[in-house]
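Visitor: Below you'll find the structure I mean.
The values are calculated or read from the model by the stated rules, or taken from the named source; none is laboratory data. In this text the structure is predicted, and so the values were computed from the model without any measurement. Here the Cβ positions follow ideal geometry from the backbone for every residue, glycine too, while neighbour counts run over all protein chains shown.
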Amino acid sequence: MIICTKNMDYRLGTQCQFVQNQVMVNSEKDRASLLCMKALANRGRLDSVSQQMASHPQYLESFLRTQHYILYMDGPLPLHYRHYIAIMAAARHHCRYLVSLHSAQFLRVGGDPLWLQGLEAAPLRLRHLDHINKVLAHQPWLTARSHIQALLKTGEQCWSLAELVQAVVLLAHCHSLCSFVFGSGSDSDTIPTPRVHHGTPPGYCLCDAANGNTALSPPPAGPTEKAPRRRSLDSSCEVACLREQIQKSQEEIKERKADRLHSQTLLHADVEEEDEATFSADPSRFVTDPEFGYQEFARREEDHFQVFRVQDYSWEDHGFSLVNRLYSDIGHLLDERFRNVASLPFPHSPDLKRAIWNYIHCIYGIRYDDYDYGEVNRLLERGLKLYIKAVACYPDASKTPLCPLSWAPVKASEKVHVNLLVMEARLQAELLYALRAITQYMIA
Amino acid sequence: MFCHLDAPANAISVCRDATQVVVAGRNIFKIYGLEEEGFVERLNLRVGRKPSLNFSCADVMWHQMEENLLATAATNGAVVTWNLARPCRNKQEQLFTEHKRTVNKVCFHPTEVNMLLSGSQDGFMKCFDLRKKESVSTFSGQSESVRDVQFSIKDYFTFAASFENGNVQLWDIRRPDRYERMFTAHTGPVFCCDWHPEDRGWLATGGRDKMVKVWDMSTNRVKEIYCVQTIASVARVKWRPERRYHLATCSMMVDHNIYVWDVRRPFIPFATFEEHKDVTTGIVWRNQHDPYYLLSGSKDSTLYQHMFKDASRPVDRANPEGLCFGLFGDLAFAAKESLMTAPQSVGDVGRKTYPGGDRRYPIFFFKKPDVTEQFAQVSSALSVFESEAGSGVGMDWFINTAQSYLLSGKPFAELCEHNAQVAKRLNRPQESTTWTMLRIMFSEPANPSLSTNHNLNKSGNLPLVNSFSMKEMSAALNERNKENRQDNLHSLETNLNNNDENEETEGSEGQAEYLFGDAELDDDDLYSMEHDNQAAEEPEYLLPQEAFPLRHEIMDHPSAPEPVQEKPESPHVSGSETESTCLTPMESFSLISVSQLLFSPHLPPKFFCPIVKEMLCYYAEQGDVQMAVSVLIVLGDRIRKEIDELTQEHWYMSYIDLLQRFELWNVSNEVIKLSTCGAIMCLNQASTTLHINCSNCKRPMSNKGWICDRCHQCASVCAVCHHVVKGLFVWCQGCSHGGHLEHVMEWLKQSKHCPAGCGHLCEYT
């Protein structure tokens, strides 16, 4: 069979072309939409996370590249493990959106559906990861050499250092992504969970049906029947409506309301099939010790938990070298992400940006010697501080937030920007703690 | 010598006369005296009950002119100078808080007493005049954080600065507006730089990309003249005094050693100091004119003085050896001369030796020993083993075998039979016999009878013989039982073992022959004697152990089949054609065949596994990995579990490698397909990339995905459903429209025309 399409003179779906012309407005938007279109065509769907990030195309690019690398490219962990770890990480914050997303992908890469019944159904090796997952998600400063040691202790269920590093990167990535999802409100936009019908082989996916590359029996209900209710499948004609959506998200907030309304109807529609859909939708089954959550990095315990000094262990000097050594190329990708988020055009002064970044790190007990933390109080209004803290530490839609999110940014893109900062700062914080623990393990 | 510090050190510096060293870190700031017997603490500069962050030092430098003057770079962005001559306890003299971020480096001017330079995370460098309260000039790198600043030693006005984005800039101290020169030295941050103490234009830089580079700045274009690849990111680099080509490095992460490199020999460090238990953060040569003492501070809270004579020399442990194949099968081998002086052994045919440095041969590139170069001179001798013309047997047998062996697709017995014949045809009797034996061992219980029938049919030209043997069966057995004392001792199984072993030993048939006293056994007398003796000595001998020595002996005589043909007592009851040709004395023949027929069905195939395993290993070790792998594949599950995965994988890899060298792609692919190792099977998945062109703009699709970068359209869209086709794409050769296989099939069931609407009458067959 030949896949070459050299001589094909296709007249594409007219819709597609129509949108094409419409979107070619400026290069910035074009770049974003191209990225989204690529993501859509690659994965058969465009998640709302990417849609949100589309307002910062250069960041989106490096984000997607990193995510693709850690989930699908070379690495010591098998694909289904990666998705399962992602599920575990997202479940810590009860992020239904990510849990169901990765559940579907877990099945698609051939994971055992049994595992999705809960953590206790997963292999022991993955369950061992639960502790460090818990700690990293909520109180990363507790990460210690002993955790690493316990995981690497030789035995039947042991982890190799390279595997562990990938797992840690994956965990940190997903934890921080939960913050973004929560902050941008994409969680309400729950995608339909993979329906595991009796008799439908595991790993079956509707997208495959649309591709025509499945030899399996047709699903009980044809994909076309469901298409109107579902988010886009793998279709180029639906690129049209998605492009519109991208544009909408790039435009201003009033669209957001409509979008939310839309998603509510989506939710409503899904209720009918709840008994089908509940499978794997409940993240709590992947969580042990649900009470464990964020606590103030208490000053009084300072002698107990040393403040993490960036000047002693920084991403640029130390974290990068270690992570890149144990999981090749990831350092460059993450470095690019941090750089990109730092160089995003920010409407306000760069001081504000630094204040936000340092405040998030401060929440996690990471301090900069060369920063006057009085600045944080001076530059960040209370609403913004509360918002940041809620997004960073309690990105859990299932619980009522400690306080109403009173921060109302002027622009949607500004909110996305803050969310990105939260996500990246949190990612770096978790990585720093985890990598420091690994360094300590390696020295001992 | 070394001493423990109270806290991790970040940097160290020595005073000019090399009598004192200052150690600075987050929680330490002390001066130690260098005495004969060790370090002696002289002064603690960290005073006050709760020291401020001004005491948390990222870097420290002792003035090289003024012995009471020190400067530190604080992590909070302050630059502090200290005057040891101050009478009070607090020696702090000046405090500059102009930098907004951590100051990474401070540097005194080598000859100007009052000039101090700092480089900070905020991207600025500042020059201070210590007589004034604030900086005299500020240099903006216009790029990211400054990691290091160094005054040139020879040029009064010049300094170099290295940056986090990989750049190195050269500045004139009189011109703060613009750098004189800039070049990209590394990918990623340049953590350190150091001017050569003698060579005016040389600058060494070290970066996160694990490289140390030496740049020549004296020319118009900055030129990289040396490059050393280390194993971890380079935190500090310091030229060694009095040694033009030597420099010392230590790393930022993971690696705790200090290396001294000869930049002309970038592959192996000239010397290594391995004392530290955590990363080394500061290195400094004790004296500017003494190349033998190196001081180092580390995160493990120790301060060391290393003597050069104590350094370990990795060169001494390295093996200067090389091995290479020539185009025509010659083999060149170079090794230390001392190792090569051993007399040539008998096996060395076609060996030519070239003693080290023999200049008669033009192939030698002979490097003239450099007197200044302190490198261990190693001279190697080169031997070339030439393959003899004519005696080069070639590998035709390998190719033939590979092509003719059947590995799957037929019942087990037939595969063995086929392969046995192939081997026989290629005049490889040993392999042939192995295949035959395998068939006998592992055939299903039903198969022996089948093969016997087969046998009967084959030897149908001797109907009398066969019928005779049938009749004699029981009689022979009885007779045997009577005559053979041994058999009484043996259980049924051991009895079988004997048989089996006889099979194994292929024609020797020691026991039976001996007992029956066949006169024609001249060849095998030895065997049978041994055999019997052994058997008598240990009545309950285990066969597998014994079978091996025998086997191996036979292996050494590749002419094994000839005895088979000469000797009438062929053991191949169910076996090869040899049987039909031989004329068998009735007794012996019937006996063997009887026992085989009677007992073989009871023997679990598993029983043979250890033997077969050994056999496979034997073949593999003999270099005939082809046999090992072929047997492995044909036997499949029967043997697979007996051999550990890694060994199997290793065999497969070697075989596949060989096959590919002989361009037997089909065979190698078949082997890959039939293998059961995960690692092997995935070989088929590698390099399966297909490069495609966009269907719209007809230019190559440069990146992954389904969207063309240039025309921003989805490539390869199904003409029926307009979705992207990921997977099988079927298209009409007439109009070149197509799409999902299923869709096109369905479409063409209903319509004759092309789904794209081009009007072409497509056909699907």
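Visitor: Sort out for me the strands (runs of 3 or more DSSP E) sitting completely within region B:44-86 that have 2 or more residues that are among the small types (Gly, Ala, Ser).
Guide: B:69-74
Visitor: Give region B:98-114 a look and list any residue that's part of a loop (DSSP other than H, G, I, E, B) and charged (D, E, K, R), or say none.
Guide: B:98, B:100, B:101, B:112
Visitor: Something else about it: Of (1) within 14 Å of chain A (Cβ to nearest Cβ); (2) more than 19 Å from residue B:131 (Cα to Cα); (3) under 49 Å from the mean Cα position of the chain (by Cα), residue B:50 satisfies all except one. Which?
Guide: For residue B:50, the failing item is (3).
So that you can scan it fast, the table gives a plain yes or no per residue for (1) modelled with pLDDT of 80 or more; (2) in a helix (DSSP H, G or I); (3) closer than 24 Å to residue B:399 by Cα; (4) out of contact with any Leu (no Cβ under 7 Å at 6 or more places or on another chain):
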| residue | (1), (2), (3), (4) |
| --- | --- |
| B:575 | no, no, no, yes |
| B:584 | no, no, no, yes |
| B:590 | no, yes, no, yes |
| B:600 | no, yes, no, yes |
| B:638 | no, yes, no, yes |
| B:646 | yes, yes, no, yes |
| B:663 | yes, no, yes, yes |
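Visitor: Would you call residue A:65 among the basic types (Lys, Arg) and under 30 Å from residue A:346 (Cβ atoms)?
Guide: It is true that residue A:65 is among the basic types (Lys, Arg) and under 30 Å from residue A:346 (Cβ atoms).
Visitor: Could you pull out the residue among A:71, A:114, A:79, A:119 that is touching a Ser or Thr at 6+ places or on another chain (Cβ under 8 Å) and surrounded by fewer than 22 Cβ atoms within 10 Å (Cβ to Cβ)?
Guide: A:119
For every residue, the table says whether it meets (1) closer than 17 Å to residue B:12 by Cβ; (2) of a type in the set (D, E, K, R).
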site: B:261; (1), (2): no, no
site: B:272; (1), (2): no, no
site: B:291; (1), (2): no, no
site: B:295; (1), (2): yes, no
site: B:300; (1), (2): yes, yes
site: B:303; (1), (2): yes, no
site: B:311; (1), (2): no, no
site: B:315; (1), (2): no, no
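Visitor: Tell me the residue from A:285, A:337, A:325 that is assigned to a helix (DSSP H, G or I), closer than 30 Å to residue B:166 by Cβ, at pLDDT 50 or above and more than 14 Å from every other protein chain (Cβ to nearest Cβ), please.
Guide: A:337
Visitor: Tell me the residue from B:646, B:616, B:632 that is farther than 22 Å from residue B:414 by Cα and either of a type in the set (A, V, I, L, M) or surrounded by 16 or more Cβ atoms within 10 Å (Cβ to Cβ) (or both), please.
Guide: Just one listed residue meets the conditions, B:646.
Visitor: Hey, another quick one. Run down A:433, A:373 and say which single residue is hydroxyl-bearing (Ser, Thr, Tyr) and at pLDDT below 90.
Guide: Among A:433, A:373, only A:373 is hydroxyl-bearing (Ser, Thr, Tyr) and at pLDDT below 90.
Visitor: If you don't mind, another one. Could you please give the count of residues in region B:139-158 that are over 45 Å from the mean Cα position of the chain (by Cα) and not basic (Lys, Arg)?
Guide: Adding up the residues that qualify gives 6.
Visitor: For residues that are in a helix (DSSP H, G or I) and not charged (D, E, K, R), tally how many sit in region A:154-170.
Guide: Qualifying residue count, region A:154-170: 9.
Visitor: Find the residue count for region B:134-190, including only residues that are of a type in the set (Asp, Glu), part of a loop (DSSP other than H, G, I, E, B) and within 14 Å of chain A (Cβ to nearest Cβ).
Guide: Qualifying residue count for the region: 2.
Visitor: Might you let me know whether region B:89-111 holds any residue that is in contact with a Gly (Cβ under 8 Å, 6 or more places away or on another chain), over 19 Å from residue B:137 (Cβ atoms), buried (at least 23 other Cβ atoms within 10 Å of the Cβ) and within 13 Å of another protein chain (Cβ to nearest Cβ)?
Guide: yes
Visitor: Looking only at strands (runs of 3 or more DSSP E) that lie completely in region B:253-330, which have at least 1 residues being within 29 Å of residue A:325 (Cα to Cα), in contact (Cβ under 8 Å) with a residue 12 or more places away in the chain and acidic (Asp, Glu)?
Guide: B:258-262
Visitor: Please specify each residue of region B:723-738 satisfying the condition of being surrounded by 23 or more Cβ atoms within 10 Å (Cβ to Cβ) and within 13 Å of residue B:757 (Cα to Cα).
Guide: Correct list: B:737, B:738.
Each row is one residue, and each column tells you yes or no for (1) in a helix (DSSP H, G or I); (2) of a type in the set (Gly, Ala, Ser); (3) at pLDDT 90 or above.
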| site | (1), (2), (3) |
| --- | --- |
| A:302 | no, no, no |
| A:331 | yes, yes, yes |
| A:369 | no, no, no |
| A:377 | yes, no, no |
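Visitor: Let me ask you something else. Go through the residues of region B:200-209 one by one and say whether even a single one is over 16 Å from residue B:263 (Cβ atoms), more than 13 Å from every other protein chain (Cβ to nearest Cβ), assigned to a strand (DSSP E or B) and not polar (S, T, N, Q).
Guide: The answer is no, given that none of the residues of region B:200-209 is over 16 Å from residue B:263 (Cβ atoms), more than 13 Å from every other protein chain (Cβ to nearest Cβ), assigned to a strand (DSSP E or B) and not polar (S, T, N, Q).
Visitor: Here's something else I'd like to know. Evaluate the following for residue B:136: is it more than 34 Å from the chain's Cα centre (by Cα) and β-branched (Val, Ile, Thr)?
Guide: When the stated conditions are applied, residue B:136 passes them.
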